[in-house]
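The values are calculated or read from the model by the stated rules, or taken from the named source; none is laboratory data. All values reported here derive from a predicted model rather than from experimental measurement. Quick reminder, even Gly has a Cβ in these numbers, built from the backbone with ideal geometry, and neighbours come from all protein chains shown.
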Amino acid sequence: MEVGAGQVAFTTGSQSWKVRRIGNYLSVVLQASDADGGVLQGSTPVPGAATVVHGPKFRAVRRKHRWEDVKISLQDVPARLRDLGPLSDCVVVVDLET
């Protein structure tokens, strides 16, 4: 989801490999993909710098995109029932290099 000029963001769990990787190395490359993670032909990679956001800033991004809030809440139910913890308790914000 777009959060500002030159920024995109996505929610994820704070224990995910993405968050651990970004904690060690902020540089990322984003590229359009299909639902299975396969890179779409003809898409262009875009470099950027990622930041993991928690707390009030996380909630502000979720509020900005209310429909995502509903989907996130519904996705969390099975995970909480299986005691897996929240699926999305942080936001990764990527500042795109343009």
Does any residue of the stretch 21-29 turn out to be touching a His at 6+ places or on another chain (Cβ under 9 Å) and either modelled with pLDDT under 90 or of a type in the set (A, V, I, L, M, F, W, C) (or both)?
no
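State all residues of the stretch 21-55 that are assigned to a helix (DSSP H, G or I) and either charged (D, E, K, R) or under 14 Å from Val93 (Cα atoms) (or both); if no residue qualifies, say none.
Of the residues in the stretch 21-55, the ones assigned to a helix (DSSP H, G or I) are 21-24, 55.
Those that are assigned to a helix (DSSP H, G or I) and either charged (D, E, K, R) or under 14 Å from Val93 (Cα atoms) (or both): Arg21, Ile22, Gly23, Gly55.
Conditions (1) among the aliphatic types (A, V, I, L, M); (2) surrounded by 16 or more Cβ atoms within 10 Å (Cβ to Cβ); (3) at pLDDT 70 or above, marked per residue:
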position	(1), (2), (3)
Gly55	no, no, yes
Ile72	yes, yes, no
Arg80	no, no, no
Leu84	yes, no, no
Val92	yes, yes, yes
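Take the residues of the stretch 1-20 that are in a helix (DSSP H, G or I) and more than 11 Å from the chain's Cα centre (by Cα): which is modelled with the highest pLDDT? Spell out the reasoning first.
Residues of the stretch 1-20 that are in a helix (DSSP H, G or I), as a first pass: 17-20.
If we keep only those that are more than 11 Å from the chain's Cα centre (by Cα) as well, we get 17, 20.
On the way: Trp17: 88, Arg20: 91.
This residue is Arg20.
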